[in-house]
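Participant: If you scroll down you'll find the structure; I have some questions about it.
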Amino acid sequence: MPDANPSPVDPSPIRIFDTTLRDGEQSPGASLNHHEKIEIARQLEKLGVDVIEAGFPITSDGDFEAVKAIAGELEHATVCGLARCVPKDIERAGEAVKDAAAPQGGRVHVFCATSKIHREHKLRKAFDEIIALSKRSIEHARQYVEDVEFSPEDGSRTELNYLVDITAAAIEAGATTINIPDTVGYAVPEEYGHIFAHMREQLPQIDRDGIVLSSHCHNDLGLAVANSIAAVQNGAKQIECTINGIGERAGNAALEEIVMALRTRGDYYAGFTTNIKPAEIFKTSRMVSNLTGLTVQRNKAVIGENAFAHESGIHQDGVLKHRETYEIMDPRDIGVPESKLVLGKHSGRHALADRIKDLGYRIDDDTLQKVYDRFKQLADKKKDVYDEDIEAILDVLLGAGRQLWELAKFSVTAGSDETSVALVELRDSSGEIRREAAYGDGPIDACYSAIQIITGVTVALERYETRAVTGGKEAQGEVSVQVNHHGRKVRGRGLSTDVIEAAVKAYLAAINRIKTTQERAVAATSPDADSETVAQP
Ligand code: KIV
Ligand code: ZN
């Protein structure tokens, strides 16, 4: 093992600058409305981020209003608006953050490209002109706020002596944070780290006057997190990053990966801490993914669906005996309720029995053997066997698979400024139709309220996911829900070419599962049975 990493000179926490709402929103396919931005900003503050780049106010009135509203509301995080070295940009960004509610005030982030390729082909300006323009812009921004950040865009591809010169000029003009972006994700860790060491060596005022150096890494070569950490090891005191690593092209450095790398390897990165509350990571990740529509890849580090899933029997057995055999992080630390053992053909009876128990079922050895035989047959055909598959096997074996309530028909009204009203008709097991109307916050909420009235089952919706399972105009949409019924988590899935119908079917599947379980519990004679489990047949 290599020697431990040298501790930072300044042991204060590394500032986490989140740019999900600015660089992240520049991800192809992501776009957030005003309310969604505010909701995410509130959650980012709960997560403990130090700075939130809430938008690029000159780009639209919507962005301006969102930055202004977020700055006016958040009481702890510094809210920042981005601006080019253009007077109008700086005015809009300054106006948006100058009345920030946080006691330390708002921040304007000014940037200007400095690399040769940008100077010659984009700006068509000589370096001296760029320095003068940057200085003027920083001074202009200082008229609005005391906290001004400057970024030499494409900094990592800028000649080092130019980078030193523009940094000195920016500090003189009043910038308090200097961010060195790896705009196109071209840098490698040693090289990127060296830039920070070199700047501190050449410009003693950085450490002397408490100027914050900052990293901003893009992930074009998959090195964004490694580069950010290299910067920190060389004296950067701020990391710019996004939730789920979303951002331009291949994205930005992922906040959750940086935070958990520094924390999990605290033995190696001793003294490098952040103010992030890990327990809020999973929730924040889900929120950003749901609101932007950018789904997180299953095997994404830290927060991907498979990050805490174990498929092979040997791994599963190890985790069940002692979690740390195959898990370096405790999923509960980042707010994931429990590790997920994906069952597959390599899984053993032990893992299956444990999962069945977690799902709230109590079965004897004979039934377990029957479930196991069916499970093995299924696993031969299907690589991953999910909880829903196991529940389906159990439902059939225990006779609990009946559709107590079936969707007969539904209609619902929806509109941007109106409350939705749903009329839902369900058929019960005797064939009788029951219908109810209900209001809701959107069409799906209205349908769910009507279903709760008809079935008499009240649940809290915990998870709602939708995805297209086929392509084209007639794409089948699949909705998966997880509801909480008196502490028991129950899932349901629905499929339809109409996404609302798929949502209704998924909800109904979960309610049917609860109902059948309740019926069986009432009828149970087994001494093992309790009100939340399925008893022996
Ligand atoms: O990647 C980049 O260079 C940027 C700047 C605006 C900081 O996002
Ligand atoms: Zn960027």
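Participant: Can you give me the accessible area per residue for the range 309-398, using a 1.4 Å probe, in Å²?
Facilitator: Per residue, the range 309-398 has an accessible area of 51 Å².
Participant: Using the heavy atoms of the protein chains alone and a 1.4 angstrom probe, what is the accessible area of the range 1-142 per residue in square angstrom? Walk me through the numbers before you get to the answer.
Facilitator: On the way: 6290 Å² over 142 residues.
Ligands and nucleic acids excluded, the figure is 44 Å² per residue.
Participant: Where in the chain are the DSSP H helices whose C-alpha atoms run 30 Å or more along the long axis and whose mean Kyte hydropathy is at least 0.0?
Facilitator: Long hydrophobic helices here: 499-523.
Participant: Taking amide hydrogens as modeled 1.01 Å from N in the peptide plane, which residues meet the under 5 Å criterion relative to ALA113, leaving out close sequence neighbours?
Facilitator: Result for ALA113 returns GLU153.
Participant: Checking the cross-link filter: which aspartates and glutamates have an alpha carbon closer than 16 Å to that of LYS357, excluding same-chain neighbours under 8 positions apart?
Facilitator: ASP317, GLU338, ASP365, ASP366, ASP387, GLU388, ASP389, GLU391, ASP395, ASP528, ASP530, GLU532
Participant: If only Cα atoms are counted, what is the Rg of the chain, and what is its Dmax, in Å?
Facilitator: Every Cα atom of the chain included, Rg and Dmax give 27.2, 87 Å.
Participant: Which of ALA83, LEU394, ALA132 sits closest to the plus end of the dipole of the chain, meaning its Cα is farthest towards the positive end, when Lys and Arg get +1 and Asp and Glu get -1 on the C-beta?
Facilitator: LEU394
Participant: Below 24 Å, Cα to Cα, which lysines can LYS505 reach? Residues fewer than 8 away in the same chain don't count.
Facilitator: Output for LYS505: LYS382, LYS409, LYS473, LYS489, LYS515.
Participant: Identify, among SER430, HIS218, VAL490, the residue whose Cα sits farthest towards the positive end of the charge dipole of the chain, taking +1 on the Cβ of Lys and Arg and -1 on the Cβ of Asp and Glu, with the dipole about the Cα centre.
Facilitator: Of the candidates, SER430 comes out farthest on the positive side.
Participant: If you put +1 on each Lys and Arg Cβ and -1 on each Asp and Glu Cβ, how big is the dipole of the chain around its Cα centre, in Debye rounded to 20?
Facilitator: 1000
Participant: For n ≥ 4 DSSP H runs only, could you compute -39500 (n - 2.57) per run for the chain, divide by its residues and tell me the 222 nm figure to the nearest 500?
Facilitator: -12000 deg cm²/dmol
Participant: Quick one: of the DSSP bridges fully inside the chain, what percent are antiparallel, nearest 5?
Facilitator: 50
Participant: Using a 10 Å cut-off on Cβ atoms, rank the peptides 43-51, 386-394 from the highest mean neighbour count down.
Facilitator: Descending mean neighbour count gives 43-51, 386-394.
Participant: Roughly to the nearest percent, how much of the accessible area of the chain is carbon and sulfur, given a 1.4 Å probe?
Facilitator: Here carbon and sulfur together make up 49 percent of the probe-accessible area.
Participant: Just order 86-98, 369-381 by mean Cβ neighbour count inside 10 Å, highest at the front, would you?
Facilitator: Values: 86-98: 20.9, 369-381: 15.1.
The packing order, highest mean first, is 86-98, 369-381.
Participant: Ranked highest first by average number of other Cβ atoms within 10 Å, how do 142-153, 260-271, 13-24 line up? Mind showing how you got there, number by number?
Facilitator: On the way: 142-153: 22.2, 260-271: 16.7, 13-24: 25.6.
The most tightly packed comes first, giving 13-24, 142-153, 260-271.
Participant: Contour minus end-to-end for GLU146 and ASP417, with contour as 0.36 nm per residue of separation and end-to-end as the Cα-Cα distance?
Facilitator: 93.5 nm
The values are calculated or read from the model by the stated rules, or taken from the named source; none is laboratory data. Keep in mind that this is a model prediction, so the values were computed, not measured. All Cβ positions, even for glycine, are placed from backbone atoms using ideal geometry, and neighbour counts span all protein chains on display. These accessible areas exclude ligands, DNA and RNA; they are computed on the full protein's heavy atoms, side chains included. Shrake-Rupley method; radii C 1.70, N 1.55, O 1.52, S 1.80 Å.
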